[in-house]
Amino acid sequence: MGFNKAWADTASVLIASVAKLSIDETRENPWARYDLGQAVAHLSIQAQHDGLHTHQMGGFDGAAIAAAFNLTEDQTVVTVTALGVLGNADDLTAELREREVAPRSCKPLTELLLVND
Ligand SMILES: Cc1cc2nc3c(=O)[nH]c(=O)nc-3n(C[C@H](O)[C@H](O)[C@H](O)COP(=O)(O)O)c2cc1C
């Protein structure tokens, strides 16, 4: 979807990660998205270990994926992950190349932790 189409189409595989939001007909599963995130995180680590690359995306057409895979009401697409061999940044558009080669930075822990002492 959107700018993701410009690069994600060349990935070997696009994995739609689907959370099942209920345990059964009477109980919701409040941890469904958490569990799914952990599964995708471990997939990413395993892929890296095996010499592959992953790129997770929040920009996708969830309704189109749901229709294509006949998802039920309580199944929701949370992310799509491109999996494959890392491509060449020179093959990207100028805008995407700039983002791809930009230095990475992480927020300091003080911005991420809520401390109540
Ligand atoms: C929830 C989530 C949604 C994201 N959505 C997109 C997206 O739609 N398109 C995209 O190119 N990157 C998206 N990203 C960013 C990439 O997955 C990745 O974190 C970023 O490109 C930096 O990764 P790298 O340092 O391994 O290259 C998203 C990241 C997260 C955590």
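The values are calculated or read from the model by the stated rules, or taken from the named source; none is laboratory data. The shown structure was predicted, so the numbers you read here are calculated from the model rather than taken from an experiment. Neighbour counts are summed over all protein chains in view; Cβ atoms, including those assigned to glycine, are modelled from backbone coordinates with ideal geometry. Areas reflect the complete protein model, heavy atoms only, side chains present, ligands, DNA and RNA absent. Shrake-Rupley method; radii C 1.70, N 1.55, O 1.52, S 1.80 Å.
Looking across the stretch 62-71, the residues that are more than 13 Å from the chain's Cα centre (by Cα) and either within 15 Å of the ligand (Cβ to nearest atom) or outside any loop (DSSP other than H, G, I, E, B) (or both) come down to Ala63, Ala64, Ile65, Ala66, Ala67, Ala68. Restricting the stretch 15-61 to residues that are in a strand (DSSP E or B) and in contact with an Asp or Glu (Cβ under 9 Å, 6 or more places away or on another chain), the residue that is least open to solvent (accessible area, probe 1.4 Å) is Ala19.
One residue stands out in the stretch 1-14 among those that are open to solvent by 100 Å² or more (accessible area, probe 1.4 Å) and within 11 Å of the ligand (Cβ to nearest atom): the one that is modelled with the highest pLDDT, namely Lys5. Scanning the stretch 1-11 for residues that are in a loop (DSSP other than H, G, I, E, B) and among the aromatic types (Phe, Trp, Tyr) turns up nothing. Scanning the stretch 30-72 for residues that are of a type in the set (Gly, Ala, Ser) and touching a residue at least 40 places away in the same chain (Cβ under 8 Å) gives Gly37, Gly59. When Ala89, Ala82 are checked against the criterion of being under 28 Å from Val18 (Cβ atoms) and either in contact (Cβ under 8 Å) with a residue 24 or more places away in the chain or open to solvent by less than 60 Å² (accessible area, probe 1.4 Å) (or both), a single residue qualifies: Ala82.
Selection over the stretch 62-75 of residues that are open to solvent by 40 Å² or more (accessible area, probe 1.4 Å) and β-branched (Val, Ile, Thr) gives a count of 1.
Within the stretch 84-99, being outside any helix (DSSP H, G or I), touching a Ser or Thr at 6+ places or on another chain (Cβ under 9 Å) and either within 13 Å of the ligand (Cβ to nearest atom) or modelled with pLDDT under 95 (or both) holds for one residue alone: Gly87.
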